[in-house]
Amino acid sequence: MNSTVEEISFEICENADAEQLLPIEEGLNDFNDLMTGISDRKPLSVLLKSTKTGEVLGGMQGRSSLGLLFIDLFYLPPELRRMGLGTDILNRFEDEGRRRGCTAAFLYTISFQAPDFYKKHGWEEFGRIDCAPEGTSRIFMKKSF
């Protein structure tokens, strides 16, 4: 057997720290850069903050890469919903994506979260997969700019 293979082990983790995950991220990023000749990935956040305390109350986070904008997480506390803040956050996120040269965007949401919110803002469903609890689905959505 190959001596390199004999010198490895597997570890299943729930709480790997950023330093442990860095070789995975950097390795994939280096491979993608080599294959595409493009290294344009950047994180992106739109934060909703209290003007009194500076505390982050909610917002959106994701990234841009290879001409695509990815929404990873979006949260507003219940008391700040239905005031237009979600629309404002989404618009700012999308506008920054366009400024970065993105031509399309991607996200997934859960059926009990906000698929109708995204549809109202021009996003379209392109896939769905059932998940727990029964009757719930992950909904994959996209939007072209």
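The values are calculated or read from the model by the stated rules, or taken from the named source; none is laboratory data. Only a predicted model underlies this, so the values are computations on that prediction, with no experimental measurement involved. Virtual Cβ from ideal backbone geometry, glycine too; neighbours counted across all protein chains shown. Heavy atoms of the whole protein, side chains included, go into the accessibility calculation; ligands, DNA and RNA do not. Shrake-Rupley method; radii C 1.70, N 1.55, O 1.52, S 1.80 Å.
List of remarks:
- Only one entry of 35, 83 meets the criterion of being surrounded by 10 or more Cβ atoms within 10 Å (Cβ to Cβ), among the aliphatic types (A, V, I, L, M) and without any contact (Cβ under 8 Å) to a residue 24 or more places away in the chain, and that entry is 83.
- For the range 129-145, taking the residues that are aliphatic (A, V, I, L, M) and in a strand (DSSP E or B), the one that is most open to solvent (accessible area, probe 1.4 Å) is identified as 129.
- Among the numbered conditions (1) open to solvent by less than 90 Å² (accessible area, probe 1.4 Å); (2) on the phi > 0 side of the Ramachandran plot; (3) modelled with pLDDT under 95, the only one that residue 122 does not meet is (3).
- Taken together, 30, 95, 116, 88 contain a single residue that is in a helix (DSSP H, G or I), open to solvent by 60 Å² or more (accessible area, probe 1.4 Å) and under 14 Å from residue 143 (Cβ atoms), which is 95.
- Identity of the residue in the range 44-62, touching a strand residue (DSSP E or B) at 6+ places or on another chain (Cβ under 9 Å) and surrounded by fewer than 16 Cβ atoms within 10 Å (Cβ to Cβ), that ends up nearest to residue 98 (Cα to Cα): 45
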